[in-house]
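Heads up: the structure comes next, in C-alpha cells.
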Amino acid sequence: MLNTILGLYLQSLFIAAVGMLVVCGAWLLWHLGRHHDSEEERRSFVFDLLIIYVMTVPIFAFAVIGLQLIVRAR
C-alpha cells in the first residue's frame, strides 16, 4: 500500500514539475520578448520565477495525485 502511494506521488511530482517547467519557460520567454528591462530587473524576474516554481510544484503534485486516485477508483 505504501509503495503504491509513494509511486503515485513520485509520478505526480514528475508530471507537476514538467508541467510547471513548461509554463514557467513560456512565461519567461514571453516576458523577455515583451519587456526590455535592465540586467538587474531580468535577474530579479528570474529569481521570482524560480521561487514561484519551487513553491507551486508540490501543490500541483498533490492535485495531480488526487486526480490519479479518482481515476484509479473508477
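FYI, it's all coordinate maths here, none of it is from the lab. Bear in mind that the values here come from a model prediction, so they are computed numbers and not experimental data. Because the Cβ atoms are built from the backbone with ideal geometry, glycine has one as well, and the counts that use them run over all protein chains shown.
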Practice task
Rounded to the nearest Å, what's the spacing between the alpha carbon centres of segment 3-19 and segment 27-74? Just the number, please.
Solution key: 17 Å
Handout entry: Dipole magnitude (debye, nearest 20) for the chain, charges at Cβ of Lys, Arg, Asp, Glu
Key = 480 debye
Fill in the blank from the handout: Sorting Met55, Cys24, Leu10 by the position of each Cα along the dipole of the chain (Lys, Arg +1; Asp, Glu -1; all at Cβ), the one nearest the positive end of that ordering is Leu10
Problem - Inverse mean reciprocal Cα-Cα distance (Kirkwood Rh) of the chain, Å - result: 13.9 Å
Problem - the chain, helix-only ellipticity at 222 nm - DSSP H runs n ≥ 4, -39,500 (n - 2.57), divided by all residues, nearest 500 - result: -33500 deg cm²/dmol
